[in-house]
């Protein structure tokens, strides 16, 4: 069993917390863009209040542990590992509650190359425990605006986790997929489920547009977010994201495996 102390040490050693790869410049740029309601960083969230850059910096200091000093503008950003651990415990409690009520759960990621294994382990465990892991809209196309223009992606599921791929990619079932911040995939999935008369999710687990897009529509959402993802923490502060776990979301994929074991153990779902 992975202890809290051992996981804390792992978070620091793998740079999932402590000084992380996300730069301060990148985080501050995201706060400026969010304050301007730029859709590239709002991730499908429509904030209820006006968030200025200074407000966002204070929120991220409280939620993640980044420096609240506006004069610190260059260098690595920092995540407090104790905040990560506390959020992982809250995350585990929501999974446990989902199992207790036999919830339908949707998993989705915009970081399939990094986080698919983490979510896949959770999906396997929840399915074994009796939850229905939803997979609607398999193969459905989604048009997403990117810095290269409008591109068509295709929805796919691997180990019960939704992701998007380039429309022409011939790798269904593989763990490669596109990096995406868009909330459009989760909207397409929910619309497809509703149109088919299928069950809608009681809980969405993921990151980026998957949880912000779901939370905006009133669905319970929990997931992971980096210091450059202020929308997720604003969603949590405004009550539309239930749990936001602060950590670096672009580390080596194997780095997240101990987190999955820890969460499942805390949720009493270890297999």
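The values are calculated or read from the model by the stated rules, or taken from the named source; none is laboratory data. Predicted model, so just to flag it, every value in this text is computed and none were measured. With ideal geometry, Cβ positions are generated from the backbone for all residues, glycine too; neighbour counts draw on all protein chains shown.
For (1) under 12 Å from residue 203 (Cα atoms); (2) in contact with a strand residue (DSSP E or B) (Cβ under 9 Å, 6 or more places away or on another chain), each residue gets a yes or a no:
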{"site": "94", "(1), (2)": "yes, yes"}
{"site": "97", "(1), (2)": "yes, yes"}
{"site": "102", "(1), (2)": "yes, yes"}
{"site": "115", "(1), (2)": "no, yes"}
{"site": "118", "(1), (2)": "no, yes"}
{"site": "125", "(1), (2)": "no, no"}
{"site": "136", "(1), (2)": "no, yes"}
{"site": "140", "(1), (2)": "no, yes"}
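Any residue at all in region 7-19 that is in contact with a helix residue (DSSP H, G or I) (Cβ under 7 Å, 6 or more places away or on another chain), surrounded by fewer than 20 Cβ atoms within 10 Å (Cβ to Cβ), touching a residue at least 60 places away in the same chain (Cβ under 8 Å) and under 14 Å from residue 232 (Cα atoms)?
No: region 7-19 contains no residue that is in contact with a helix residue (DSSP H, G or I) (Cβ under 7 Å, 6 or more places away or on another chain), surrounded by fewer than 20 Cβ atoms within 10 Å (Cβ to Cβ), touching a residue at least 60 places away in the same chain (Cβ under 8 Å) and under 14 Å from residue 232 (Cα atoms).
Identify, by number, the condition in (1) more than 14 Å from the chain's Cα centre (by Cα); (2) surrounded by fewer than 20 Cβ atoms within 10 Å (Cβ to Cβ) that residue 177 doesn't meet.
Just one mismatch for residue 177, condition (2).
Scan region 68-76 and tell me whether some residue there is free of Cβ contacts under 8 Å to residues at least 12 places away in the same chain and under 17 Å from residue 245 (Cβ atoms).
No, region 68-76 has no match at all.
Quick check on region 65-83. Is at least one of its residues farther than 19 Å from residue 237 by Cα, at pLDDT below 95, in contact with a helix residue (DSSP H, G or I) (Cβ under 7 Å, 6 or more places away or on another chain) and part of a helix (DSSP H, G or I)?
No: zero hits.
Just one of 221, 214, 260, 231 is without any contact (Cβ under 8 Å) to a residue 24 or more places away in the chain and not in a loop (DSSP other than H, G, I, E, B); which is it?
Unique residue meeting the criteria: 221.
Looking for whichever is more than 17 Å from the chain's Cα centre (by Cα) and under 13 Å from residue 225 (Cβ atoms) here; the options are 69, 77. Which one fits?
77
Would you kindly identify the strands (runs of 3 or more DSSP E) lying entirely within region 96-187 that contain at least 3 residues that are out of contact with any helix residue (DSSP H, G or I) (no Cβ under 6 Å at 6 or more places or on another chain) and at pLDDT 95 or above?
In region 96-187, 149-158 are the strands (runs of 3 or more DSSP E) which contain 3 or more residues that are out of contact with any helix residue (DSSP H, G or I) (no Cβ under 6 Å at 6 or more places or on another chain) and at pLDDT 95 or above.
Pull up region 32-64, narrow it to residues that are surrounded by fewer than 17 Cβ atoms within 10 Å (Cβ to Cβ) and part of a loop (DSSP other than H, G, I, E, B), then point me to the one that is nearest to the chain's Cα centre (by Cα).
For region 32-64, the residue satisfying everything is 46.
Considering each residue of region 234-245, count those that are outside any helix (DSSP H, G or I) and in contact with a strand residue (DSSP E or B) (Cβ under 6 Å, 6 or more places away or on another chain), and give that number.
Adding up the residues that qualify gives 5.
Within region 246-257, track down each residue that is outside any loop (DSSP other than H, G, I, E, B), more than 19 Å from residue 31 (Cβ to Cβ) and either in contact with a helix residue (DSSP H, G or I) (Cβ under 7 Å, 6 or more places away or on another chain) or at pLDDT below 95 (or both).
Of everything in region 246-257, those that are outside any loop (DSSP other than H, G, I, E, B), more than 19 Å from residue 31 (Cβ to Cβ) and either in contact with a helix residue (DSSP H, G or I) (Cβ under 7 Å, 6 or more places away or on another chain) or at pLDDT below 95 (or both) turn out to be 253, 256, 257.
Does residue 221 fit the bill of being more than 15 Å from residue 115 (Cα to Cα) and within 16 Å of the chain's Cα centre (by Cα)?
Yes.
Here are the criteria: (1) surrounded by 19 or more Cβ atoms within 10 Å (Cβ to Cβ); (2) touching a strand residue (DSSP E or B) at 6+ places or on another chain (Cβ under 8 Å); (3) in contact (Cβ under 8 Å) with a residue 60 or more places away in the chain. Tell me which single one residue 188 does not satisfy.
Going through the list (1) surrounded by 19 or more Cβ atoms within 10 Å (Cβ to Cβ); (2) touching a strand residue (DSSP E or B) at 6+ places or on another chain (Cβ under 8 Å); (3) in contact (Cβ under 8 Å) with a residue 60 or more places away in the chain, residue 188 breaks only (3).
Report whether or not residue 243 is within 23 Å of residue 121 (Cα to Cα) and crowded, with 17+ Cβ neighbours inside 10 Å.
yes
Here's the yes/no breakdown for (1) free of Cβ contacts under 8 Å to residues at least 12 places away in the same chain; (2) surrounded by fewer than 17 Cβ atoms within 10 Å (Cβ to Cβ):
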residue: 119; (1), (2): no, no
residue: 131; (1), (2): no, no
residue: 143; (1), (2): no, yes
residue: 149; (1), (2): yes, yes
residue: 155; (1), (2): no, no
